Structure formats: structure tokens, C-alpha cells
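A short worksheet on the structure shown next.
The values are calculated or read from the model by the stated rules, or taken from the named source; none is laboratory data. All figures in this text were calculated on a predicted structure; none of them were measured in a lab. Please note: Cβ atoms are built from the backbone with ideal geometry, for glycine as well, and neighbour counts cover all protein chains shown.
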Amino acid sequence: FIIVTCATTLFTSGIRINEAHEAAMALRPFAGNLASVLFAISLANAALLGTIIVPLATAYYTCEAMGWEAGVNKTFREAPQFMWIYTSMIFIASVLVVLPGAPLVDLMVLASVVNGLVLPFVLVYALKLSNDPSLMGDLVNKRSFNIIAWLTVTVIIVLTVLLIVFTVA
């Protein structure tokens with residue numbers, strides 16, 4: 001909600017942000033003097049969630065795809081690739097964030113763009129797996145679910161292509 005509200009306010013005004021406090025000011029029409037506090041809480045929540053979920057999911061996906069042992073309940077010896085991927089991602093992100101003069105807003109946008117570009121591939125792969133009877137047995141997706149899911153994935157793919165086209169143009 002916060003991101004959509006800020007984006008709507010800033011985009012329609014033709015404002016490009018370079019610092020987080022500039023984005024917080026976009027909430028002023030909605031939140032008044034509490035705009036900075038609301039933005040800070042929302043940003044901290046998103047950052048905390050992203051710090052945990054993105055590296056963890058990436059480590060799990062990569063290890064699953066490669067056939068490596070994975071799990072937060074495993075030791076470094078039991079699942080070294082998983083632990084290295086997870087730890088490396090957190091370390092690299094931490095270093096980037098504390099670099100003096102780092103373009104944090106650009107890094108946030110870049111992370112969102114990469115996520116948006118990868119999402120269609122993940123969704124198609126997940127749908128193919130969830131429809132594989134040799135993998136899922138009787139629990140494959142029902143036809144009605146597949147219609148909705150594939151329509152949703154198609155819309156996301158079209159939006160991703162439009163993002164690329166309008167960004168490059």
C-alpha cells in the first residue's frame with residue numbers, strides 16, 4: 001500500500017526520488033505529519049521481511065534445482081551450499097547498504113526490477129511442476145485453478161514485457 005501510494009503521488013507529479021526521505025514526503029497528503037513515521041515503519045517492515053525471505057527463498061530454490069541438501073535446521077556441514085548461498089546473499093546486501101554514498105533508492109528499484117523479471121519464470125516452472133502427475137500424483141491442479149493461474153501468469157508476463165519495452169524505449 002505504501003509503495004503504491006508513494007508511486008502514485010510521485011509519478012503523477014513527475015517527481016523522481018533519489019533519497020528515501022523524498023519518498024516519505026509523498027505520503028504527506030495522506031498521513032500529514034506522521035508521513036515520515038509511517039514510511040519508516042513500512043520501510044523497516046519491508047526491509048526486515050526482504051532480508052529474511054529473499055535470501056532464504058533463493059537458497060532453497062537454488063538448492064532444490066541443483067539437488068543439494070537444504071534447510072535452516074541443517075548444519076553447515078550437512079547443507080554447505082545452502083548455508084553459503086544464504087550467508088553470501090545477506091553479507092553482500094549488508095555491504096551494499098552500508099557503503100558510503102551508495103544509491104540506496106536505485107538499489108531498491110533494481111532489486112524490485114530483478115524480482116519482476118524473474119517472477120514469470122518461477123511461476124511458469126511452479127505451474128508445470130504442480131501439474132506433473134508423476135510428481136504430484138492425484139494432487140495435480142484442477143482445470144479451474146489452471147485457467148485462473150495461467151491467465152494470471154500471462155498477465156504478469158505481458159506486464160513484464162511492457163516494463164522492459166517502456167524502460168528501454
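If I filter segment 124-132 for residues that are out of contact with any Leu (no Cβ under 9 Å at 6 or more places or on another chain) and at pLDDT below 90, do I get at least one hit? The answer is yes; a qualifying residue exists.
Being within 22 Å of I157 (Cβ to Cβ), in a helix (DSSP H, G or I) and out of contact with any helix residue (DSSP H, G or I) (no Cβ under 6 Å at 6 or more places or on another chain) is a condition met by no residue of segment 83-99. Test N146 against the criterion of being of a type outside the set (A, V, I, L, M), in contact (Cβ under 8 Å) with a residue 12 or more places away in the chain, surrounded by 11 or more Cβ atoms within 10 Å (Cβ to Cβ) and in a loop (DSSP other than H, G, I, E, B), and give yes or no. No.
Candidates are the residues of segment 56-78 that are closer than 21 Å to Y125 by Cβ and either among the β-branched types (V, I, T) or touching a strand residue (DSSP E or B) at 6+ places or on another chain (Cβ under 6 Å) (or both); the one that is modelled with the lowest pLDDT is T58.
When the test is whether a residue is surrounded by fewer than 12 Cβ atoms within 10 Å (Cβ to Cβ), within 23 Å of the chain's Cα centre (by Cα) and among the β-branched types (V, I, T), V113 does not pass it. Among the residues that make up segment 53-65, is at least one of them closer than 19 Å to L129 by Cα, out of contact with any Cys (no Cβ under 7 Å at 6 or more places or on another chain) and in a loop (DSSP other than H, G, I, E, B)? No; the residues of segment 53-65 include none that is closer than 19 Å to L129 by Cα, out of contact with any Cys (no Cβ under 7 Å at 6 or more places or on another chain) and in a loop (DSSP other than H, G, I, E, B).
Output the residues belonging to segment 133-161 that are within 23 Å of T58 (Cβ to Cβ) and either at pLDDT 95 or above or within 24 Å of the chain's Cα centre (by Cα) (or both). Within segment 133-161, A149, T152, V153, I156, I157, L159, T160 meet the criteria.
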